[in-house]
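Quick notes on the structure that follows.
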Amino acid sequence: MDGVHDMGGRQGFGRVRHKPKAETFHAPWEKRVNALYSLAVKHGIYNMDEYRHAIERMEPRHYLSASYYERSLTSLATLCIEKGVFTQDELERRAGGTVPLSLPAAPGRPNVATRQKYKIGDRVRVRTEHVPGHVRAPGYIRGKTGIVVDITPAYPFPDAHAHGIHAEDEPTYDVRFRTEELWPGSADRAEVHVGVFESYLEPAA
Amino acid sequence: MDGVHDMGGRQGFGRVRHKPKAETFHAPWEKRVNALYSLAVKHGIYNMDEYRHAIERMEPRHYLSASYYERSLTSLATLCIEKGVFTQDELERRAGGTVPLSLPAAPGRPNVATRQKYKIGDRVRVRTEHVPGHVRAPGYIRGKTGIVVDITPAYPFPDAHAHGIHAEDEPTYDVRFRTEELWPGSADRAEVHVGVFESYLEPAA
Amino acid sequence: MPDTGHRQQETAPVERRIDAIEAIFEARGMNARAAIEEFEHTIEEKWLPENGARVVAKAWTDPAFKKRLMENGRAAVGELGLTMPPHHRHLIVKENTATLQNVICCTLCSCTAFTIIGLPPDWYKELEYRARVVRQSRTVLKEMGLDLPESVDIRVWDTTADTRYMILPERPARTAGWSEEQLAAIVTKDAMIGVARLA
Amino acid sequence: MPDTGHRQQETAPVERRIDAIEAIFEARGMNARAAIEEFEHTIEEKWLPENGARVVAKAWTDPAFKKRLMENGRAAVGELGLTMPPHHRHLIVKENTATLQNVICCTLCSCTAFTIIGLPPDWYKELEYRARVVRQSRTVLKEMGLDLPESVDIRVWDTTADTRYMILPERPARTAGWSEEQLAAIVTKDAMIGVARLA
């Protein structure tokens, strides 16, 4: 989905608030969120693609204003309700207030029928697609051309795996893009490498 | 700029909270904001393109979480400080607290040297450009092809006008796009008409 | 940097922020209070959807006016004493028919022909409408109560330049023989934005 | 719908929300408390940047290990007793040199090889880094204190699949003859993400 979570290349942000040896957690409840969303994965309540997609489905204002661990928490709460582990009523009664949840998912999709294999050195183009459900191609590579520099063995196809749809695993291709191709005249010179699932690609001339 | 303000086609939002005969204002302070940003325009402190761009330059979390009139207010405050009408110190002293402002502007640009005239019926493509400053081409038409269906007389070129750069006025072309071209397979069937400045266009085959 | 102690403070509420700007403008001799009063008067007395409703009613009943309106909206509304700000250089009028629904939006901000159809309603300026109406026009209109059959084509007009749009709604069949005043009374702002049809 | 009265209430604070989920999990026999304690133990004792530092130090001092690490990161770190979750199927190691700076990010969320280099620092997961580092890499690195000359090329690795990356930093010249333990002690998480160089 073309959501606000798709941050790569978005302008208007200020400086990275970096300090050396920065912390991961800033409050004890954050560790509990991390432990419990991982526990839910271990219990098979949902997989990591469903977890990521439930974060993406957060109401956009909520996504941008929430802290990292509030986003994790919202995904955990939403998926447990969607999977029937508990009801919204039970959760809110116990929490003593309302619990903001993610919005409903659009449908997922199986592998793209016309996908094909590539080899290192091939020029590939990222298909101009707008997938309504979960997708792991960032918007900034859509329609862009790059070169395959590495290939991994197959992974679950996220567009299906996040939606409980059966699909074949797919290799991901490490595709090298130049920033001059991604954002002509408006980026620092660099190569950007993205791990791109086979279904997202088509051959480039 | 590729900012969060560029909303057209972004997914993840819920239903439009519409009711018949909806109000424009919801609190008296909102009318004062509207009156005073207009007064500043009348006094020549800034123009409407500068005003719009100062809203776009708001910190993205602030943009999304602020109400419509808080965005107007932030633009007004930012521009008055940038133009030297008052200082941030004076404003915050009088307000009795901090006043969130927009982030600094990137440079603007003059008319595109290679722009050309089109006539009704011409096929045109929106240039694949990433303009760091103000621009009035929404991201969803970037690189897309449409047909010129109408032409207006010249307007100030916003990419220059929002940045105090001298530029020639340009006609805007009413370009008709099909949603199937804009978001293939992922939009309701419709025509979308956009008023596109000459500098944003190139001929399409 | 001198005297930045107050920077440690809380964010000022929006009312206090505009209070401060109003006070500074007043102190600078910019007559802020008078401008606010004039603005409040203008939005209550002048920038009303009744303006556009008069334009629509006249277009429905006067074919020559309608022709002028479709050719040069700014000049035609001027005939009724209606004006537009200088930077709104054009008013383009689009006609809805039995098979065509035109809809206005502004995906980048909130542009409207506010002197003619009134200031935009809250939902028009909200993120949901701006994000969705260009891509999911039929769905959004249905959610807003306008369930169009597939036989009706949709044209969305994204107000990206300073050209302004208004929609000429389809005249309801039941209004045959009505006066301009009667007709004007049924024309709504929503119909002139294109998110509603008149019954 | 029965008993929705509590829906009128305020939004529950985040702590109360996770309290509630923890209590429900506990009531369902999912051993939430034990999982939390185990997690707290794991992040304090196991998922530490010292793991990656050992890998780096060994790669600096053992060319055969380095070769295996570059060919199959997951298997090579396993030689040191380090494991990765099943869904992290690959660990790809990229080497920084005098003329090349590799940098890791995850524009879509926050993916990292956390069992090897430690859980990601706060700024890595924040919107600023995710939005900017792919497009303004040199500028962002400079703002973060790493001012690279134009002669150094930059490669950004956006972690969009479940392949995980770590950076093998350039070994500082001053460390000639140091032991693996001495070397490991100077390797930082930032250097293994690629936003810092070791001096």
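Couple of notes before you dig in:
- Here the range A:134-146 is the region considered, the condition is being of a type outside the set (Lys, Arg) and out of contact with any Lys or Arg (no Cβ under 6 Å at 6 or more places or on another chain), and the residue that is surrounded by the fewest Cβ atoms within 10 Å (Cβ to Cβ) is A:143.
- Failed criterion for residue A:58 (all others in (1) facing another protein chain (nearest Cβ under 8 Å); (2) surrounded by fewer than 22 Cβ atoms within 10 Å (Cβ to Cβ) hold): (2)
- Output for the range B:1-20, where each listed residue is more than 7 Å from chain C (Cβ to nearest Cβ) and not small (Gly, Ala, Ser): B:1, B:2, B:4, B:11, B:19
- Of the residues making up the range A:189-200, at least one is assigned to a loop (DSSP other than H, G, I, E, B) and modelled with pLDDT of 95 or more.
- Checking the range A:101-120 against the condition returns a match, with at least one residue being part of a loop (DSSP other than H, G, I, E, B), facing another protein chain (nearest Cβ under 7 Å), surrounded by 15 or more Cβ atoms within 10 Å (Cβ to Cβ) and not aromatic (Phe, Trp, Tyr).
- From D:122, D:147, residue being out of contact with any Ser or Thr (no Cβ under 6 Å at 6 or more places or on another chain), more than 25 Å from residue A:176 (Cα to Cα) and either buried (at least 22 other Cβ atoms within 10 Å of the Cβ) or free of Cβ contacts under 8 Å to residues at least 24 places away in the same chain (or both): D:122
- Restricting the range A:122-165 to residues that are part of a loop (DSSP other than H, G, I, E, B) and of a type in the set (Val, Ile, Thr), the residue that is modelled with the lowest pLDDT: A:152
- Scanning the range B:147-170 for residues that are crowded, with 18+ Cβ neighbours inside 10 Å and free of Cβ contacts under 8 Å to residues at least 40 places away in the same chain yields B:147, B:148.
- Test: residue in the range D:167-189 that is on the phi < 0 side of the Ramachandran plot, within 12 Å of chain A (Cβ to nearest Cβ) and outside any loop (DSSP other than H, G, I, E, B): yes
- Looking across A:99, A:131, one residue alone is over 19 Å from residue D:31 (Cα atoms), assigned by TED's automatic domain parsing to the domain that holds residue A:152 and touching a Lys or Arg at 6+ places or on another chain (Cβ under 7 Å). It is A:131.
- Elements of type helices (runs of 4 or more DSSP H) in the range C:37-99, at least 3 residues being more than 18 Å from residue C:170 (Cβ to Cβ): C:63-71, C:73-79
- Of the residues making up the range B:69-84, those that are facing chain C (nearest Cβ under 7 Å) and surrounded by fewer than 22 Cβ atoms within 10 Å (Cβ to Cβ) number 1.
- Residue tally, condition part of a helix (DSSP H, G or I) and facing another protein chain (nearest Cβ under 9 Å), over the range C:5-26: 15
- Scan the range D:149-193 for residues that are within 21 Å of the chain's Cα centre (by Cα), closer than 26 Å to residue A:174 by Cβ and not basic (Lys, Arg) and the total you get is 21.
- Within the range B:84-113, tally of residues that are of a type outside the set (A, V, I, L, M) and in contact (Cβ under 8 Å) with a residue 40 or more places away in the chain: 8
- Residues located in the range C:24-40, provided they are surrounded by fewer than 15 Cβ atoms within 10 Å (Cβ to Cβ), within 12 Å of residue B:32 (Cα to Cα) and not charged (D, E, K, R): C:34
- Criterion (at pLDDT 95 or above and more than 26 Å from residue C:121 (Cα to Cα)) met by exactly one of C:59, C:20: C:20
- Taking the criterion of being within 16 Å of residue A:94 (Cβ to Cβ) and assigned to a helix (DSSP H, G or I), the residues of the range D:27-36 that qualify are D:27, D:32, D:33.
- Filter result for residue D:138 (modelled with pLDDT of 95 or more, among the charged types (D, E, K, R) and closer than 18 Å to residue A:139 by Cα): no
- Checking residue B:32 against (1) in a helix (DSSP H, G or I); (2) within 20 Å of the chain's Cα centre (by Cα), the condition it does not meet: (2)
- Put simply, of D:21, D:36 the only residue that is touching a Cys at 6+ places or on another chain (Cβ under 8 Å) and not assigned by TED's automatic domain parsing to the domain that holds residue D:173 is D:21.
- Across the range D:122-166, the qualifying residues are those that are assigned to a strand (DSSP E or B) and acidic (Asp, Glu), and the one among them that is farthest from the other protein chains (Cβ to nearest Cβ) is D:153.
- Which numbered condition residue A:95 misses (of (1) buried (at least 19 other Cβ atoms within 10 Å of the Cβ); (2) among the small types (Gly, Ala, Ser); (3) within 28 Å of residue D:158 (Cβ to Cβ); (4) at the interface with chain D (Cβ under 9 Å from one of its Cβ atoms)): (3)
- Meets criteria (within 8 Å of chain C (Cβ to nearest Cβ) and polar (S, T, N, Q)) for residue B:88: no
- Among (1) more than 27 Å from residue B:155 (Cβ to Cβ); (2) more than 14 Å from chain B (Cβ to nearest Cβ) - the single one residue C:29 does not satisfy: (2)
- Condition check for residue C:112: crowded, with 24+ Cβ neighbours inside 10 Å, within 7 Å of another protein chain (Cβ to nearest Cβ) and closer than 27 Å to residue C:43 by Cα: no
- Against the conditions (1) in contact with a Phe, Trp or Tyr (Cβ under 9 Å, 6 or more places away or on another chain); (2) among the hydrophobic types (A, V, I, L, M, F, W, C); (3) not assigned by TED's automatic domain parsing to the domain that holds residue A:60, residue A:85 satisfies every one except (3).
- Check on residue A:180, surrounded by fewer than 18 Cβ atoms within 10 Å (Cβ to Cβ), more than 21 Å from residue A:48 (Cα to Cα) and either away from chain B (no Cβ under 14 Å) or among the charged types (D, E, K, R) (or both): yes
The values are calculated or read from the model by the stated rules, or taken from the named source; none is laboratory data. Please read these numbers as outputs of a predicted model, since none were measured by experiment. In this analysis, Cβ positions are derived from the backbone assuming ideal geometry, glycine residues included, and neighbour counts consider all displayed protein chains.
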